[in-house]
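Trainee: One structure, pasted below without further comment.
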Amino acid sequence: MQGVDRGYDSSIMNLYVCRMEIIGKFVLLVIRVITVCILLFGLSACLQHSILKYPSKATSAKEGALTVLAEGPFVSAGTEFQRAIQVIDSYRVVDEVSFQVTPETWMKTFLNLLDPYRDFMLQKDIDVIMQAADSLYQKLLAGEPEALKSLYDVVNWRMAITVDQALYWLKNEPPMRPKVKYHKPESWADNDKALRQRWRDKVFYFGLPDMVAGERWSSVAKRALNAYQQQQACLQEFDNGKLLEYAVAAYAQLVGVDATYLPAQKSLNRSSPSIPTPNVRSVSQGPHECELPFVSVGDKNRSFSSQTFPILAGGVATSVSVLTLPNFDGEITSNNVLQEKIENRVKDFQKKGVAGLVVDLRGNAGESIGDAIFISKMLFGSGLLVQKKEFDGAISVVEYVGDKLYSGAIVMLVDRSTSGAAEVFASAMQGRKQGVVIGERSRGVGKYKDATPLNNGVLEVVIGEYMTLEGHAIKDIGVSPDVEYLFMKSRVRHDAKSYVVALSKQTSFVRPSRQRQTALDAPLPYLRMKQKLRVDSSDSVPSYVLMRRQEDNYASLRDIMDIHSQKQVYRKLLSAQAKLAKTGVRDVELFQGLQITQDWIGVKNAGMRSW
């Protein structure tokens with residue numbers, strides 16, 4: 001009798017398992033049908049003819065945003081995509097006969113750009129989207145704006161589900177911590193269990209430094225979820241614009257053209273409200289508003305400021321000023337008030353007899369040559385700025401006319417985060433022998449772009465690279481300082497390989513420009529010797545070196561994700577920072593720059609000969 005009961009229980013269990021499998025297959029089929037329906041006919045049409053709705057937790061906040069979008073002007077994404085492709089094709093290097101973009105290859109590239117970390121779509125979602133790739137691509141080419149709108153609905157719907165699930169996935173700290181560095185997955189997850197593990201590994205890895213510093217897992221996970229929700233809201237705000245940016249980038253990547261589409265909201269986000277829409281806009285290196293701040297590390301925006309310090313150089317009492325410039329991303333040329341403020345400050349330096357000027361370009365990013373020209377006029381006067389080399393080998397020179405407003409000694413402080421137009425600005429001073437560059441080698445971003453206005457945005461295509469007046473490429477090589485900081489040189493650089501490769505390429509060098517040069521009156525060997533003596537005798541600089549090395553070790557230890565060992569490194573880092581703070585030094589790099597400027601002015605005042 002007991003055996004009969006056991007057999008009956010097992011049969012009931014098997015029947016229950018079979019029913020659950022049938023229900024699971026039915027739910028999966030319904031999801032695929034809904035996805036295909038949305039892709040082919042759009043979200044509104046599917047919802048009107050179906051009893052199925054969005055997930056309850058994903059709709060409450062999303063439906064309101066969708067209704068708001070309907071009130072604004074309608075963006076013809078299909079026509080915009082057509083025009084962007086026409087512009088990109090005019091720059092194509094690959095022959096159209098030998099290579100054709102197929103809907104499948106375009107869709108795969110598009111999805112890779114849309115979900116680079118493979119953390120909110122499953123493989124089954126990708127398979128369903130790929131089934132409609134041909135239809136979506138043909139609609140885009142035909143100029144139908146609903147093509148991207150339907151794809152946008154699917155992505156937003158899937159993202160809402162994933163973020164909703166992540167609220168439960170990240171509720172507790174993962175018991176199994178990853179022991180190796182986090183790498184981007186090569187493929188999409190097969191199921192929710194694998195997707196959950198990816199979320200935990202990624203959040204744990206990127207949040208590890210904060211947890212070492214004492215932050216709890218709950219706050220780290222909350223910040224990660226807020227970042228994803230911010231991206232989702234931004235996708236809704238930009239609607240077709242953000243996806244169109246990915247769609248154009250996918251096509252450009254396939255045909256070998258470095259192009260970027262900037263929607264109207266993005267291209268105008270840094271313009272002055274009193275200035276009308278410019279014909280050509282400079283690009284910012286900063287992160288896009290829709291990118292995840294949790295994983296996208298961008299340069300901090302810099303603001304304009306200045307300080308003046310009294311010094312005694314060569315037995316003469318004088319002063320040195322520090323001029324911190326904002327990012328060269330078009331903010332200067334588009335803001336008349338800021339232009340007037342900078343110009344008045346430089347005139348004030350000259351009027352008060354400031355003997356030396358330290359231009360702080362650390363972390364300065366951006367690609368606005370107009371900003372670099374505006375500052376160069378005041379500090380260097382008329383002359384050449386940079387050479388431009390197009391991909392076909394043609395060389396041209398950027399020249400400008402302006403009045404020099406400052407005649408004192410100029411020192412520029414650069415670091416590994418200095419890039420773009422700021423590198424062009426520093427290289428121009430080197431090439432024209434107008435001052436001394438100090439710090440460490442800059443990042444090496446030397447591309448320039450051609451901007452084509454479209455209906456609802458701007459398409460920017462890289463058409464060449466900048467070459468210094470001395471004749472070497474800025475890309476991957478950067479600007480090497482005349483006086484290099486030894487304590488900055490000791491830090492690890494991850495672009496060392498590309499730097500060596502660029503130096504070995506013949507294409508990285510052209511003939512120097514015919515700029516009329518004057519002898520630099522700065523005794524560089526003397527300045528280097530004095531700086532080395534200070535490093536050897538100073539206690540604050542070794543503390544700074546120790547602090548930098550601890551930071552590098554702290555970053556590299558993330559490969560082995562052990563909180564205990566990282567906390568030990570973190571304590572050493574805090575002790576090094578505390579030791580440095582006791583000396584009264586807050587910014588060693590800037591302090592060294594002031595000392596180098598003081599040495600140079602001292603040589604002038606003492607009447608020593610220039611070396």
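The values are calculated or read from the model by the stated rules, or taken from the named source; none is laboratory data. All values derive from a computational prediction rather than experimental measurement. Ideal geometry is used to build each Cβ from the backbone, glycine not excepted, and the neighbour counts take in all protein chains shown. What goes into the accessible areas is simple: the full protein's heavy atoms, side chains included, and nothing from ligands, DNA or RNA. Shrake-Rupley method; radii C 1.70, N 1.55, O 1.52, S 1.80 Å.
Trainee: Report in % the part of the accessible area of region 355-436 that belongs to carbon and sulfur, leaving out ligands and nucleic acids; probe 1.4 Å.
Mentor: Of the solvent-accessible surface of region 355-436, carbon and sulfur hold 47 percent.
Trainee: Rank-order 506-513, 521-528, 252-259, 588-595 by packing density, defined as the average count of other C-beta atoms within 10 Å over each peptide's residues, highest first.
Mentor: With the highest mean Cβ count within 10 Å placed first, the list reads 588-595, 252-259, 521-528, 506-513.
Trainee: Kindly report the accessible area of region 323-396 per residue (heavy atoms of protein chains, probe 1.4 Å, no ligands, DNA or RNA), in Å².
Mentor: Roughly 36 Å² per residue, with all protein chains present.
Trainee: Give me the three principal axis extents of region 392-526 from the C-alpha atoms, as integers in angstrom, largest value leading.
Mentor: 56, 41, 31
Trainee: Let me ask you something else. Can you give the accessible area of ARG571, probe radius 1.4 Å, in Å² rounded to 10?
Mentor: Around 140 Å² of this residue is reachable by solvent.
Trainee: Another question about this same structure. Tell me the net charge near VAL500. Cut-off is 13 Å between Cβ atoms, VAL500 excluded, with +1 for each Lys or Arg and -1 for each Asp or Glu.
Mentor: Spelling it out: positives minus negatives among the neighbours equals +2.
Trainee: Moving to a separate point now. What's the magnitude of the charge dipole for region 369-443 around its Cα centre, counting Lys and Arg as +1 and Asp and Glu as -1 at the beta-carbon? Answer in Debye, nearest 20.
Mentor: 180
Trainee: Could you give the accessible area per residue of region 403-506, probe 1.4 Å, as a whole number in Å²?
Mentor: Dividing the accessible area of region 403-506 by its residue count gives 33 Å².
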